[in-house]
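Below: one structure, written as structure tokens.
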Amino acid sequence: EKATTSTRSARASTGSGLPIAAIDGRPDPVEARALRVDVVAFSGTPEAARVVRKVIAERAGPIVPLVSEVLNPAAYAHERAVCVDTTAAGGNASLLAAA
């Protein structure tokens, strides 16, 4: 069986310390409803995607996006930013550090 690009990418990522897991095949809907996940990545037919979408929509808790692109790294990242307002120091951040 020839591995798809997304399958090879998932295999390379799992076991590398990243918080990612892969299921090759059809997950059990009961188990899928109990998973604590932030995003579900899917590769398959549109009909199978509808089933997966229905299962994750029935879960309790926050809305979980279904990503079905072949490979879209941005869809798996949570961006965090810290903004420091330096206007009180006239835009000079070193004055804030000294305070």
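The modelled label-to-label distance for the pair residue 38/residue 92, using points 7 Å beyond Cα in the direction of Cβ, is 3.9 nm. Take each peptide in 24-35, 46-57, count the other Cβ atoms within 10 Å of every residue, and average; sorted highest first, the result is 46-57, 24-35.
Provide the FRET efficiency to the nearest 0.05 for the residue 82-residue 59 pair, computing r from the beta carbons and using R0 = 41 Å. Once rounded, the FRET efficiency stands at 0.85. Taking amide H positions as modeled 1.01 Å from N, with prolines and chain starts lacking one, the residues under 5 Å from residue 41 and 5 or more places away or on another chain are 67.
Every number in this text was worked out from the coordinates using simple rules, so none of it is lab data. What you are looking at is a predicted structure, and each value in this text was computed from that prediction instead of being measured. Every residue, glycine among them, receives a Cβ derived from its backbone with ideal geometry; neighbour counts consider all protein chains shown.
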